[in-house]
Amino acid sequence: MPKGLDRTFLDDADQDVREAEQRRKEQASLVAKLAGQGVDEPGLDAAKRLLLEIERTLAVVRAHRSLLQSLVGGE
């Protein structure tokens, strides 16, 4: 794989991680806000489930980034 292409893949993976981290931060903030406002249990539960799914997604994109890094020789 050409060296520049390696960097492009890693840059894309880094961006995926940053975006997932931002989504997690925003959703955690929303969950805290809803909990503070006394939102009904079904609504709060849905927000919490979405936060868990975002956290799973973040774990996957981090693993993907780590795999790419190991394939291109680490950094």
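Data table
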| item | result |
| --- | --- |
| Any hit, the stretch 17-25, residues being part of a helix (DSSP H, G or I), of a type outside the set (D, E, K, R), at pLDDT 95 or above and surrounded by 14 or more Cβ atoms within 10 Å (Cβ to Cβ) | yes |
| Residue within the stretch 47-58 that is in a helix (DSSP H, G or I), among the small types (Gly, Ala, Ser) and at pLDDT below 95 present | no |
| Close pairs from the stretch 8-22: first within 9 Å of Arg65 (Cα to Cα), partner in a helix (DSSP H, G or I) and of a type in the set (Val, Ile, Thr), Cβ under 9 Å, at least 6 apart | Ala13/Val61; Asp16/Val61; Val17/Val61 |
| Leading residue by the ranking (nearest to the chain's Cα centre (by Cα)) among those in the stretch 26-46 that are exposed (fewer than 15 other Cβ atoms within 10 Å of the Cβ), assigned to a helix (DSSP H, G or I) and of a type outside the set (A, V, I, L, M, F, W, C) | Glu26 |
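The values are calculated or read from the model by the stated rules, or taken from the named source; none is laboratory data. All figures in this text were calculated on a predicted structure; none of them were measured in a lab. Every residue, glycine as well, gets a Cβ built from its backbone with ideal geometry; the counts of neighbours run over all protein chains shown.
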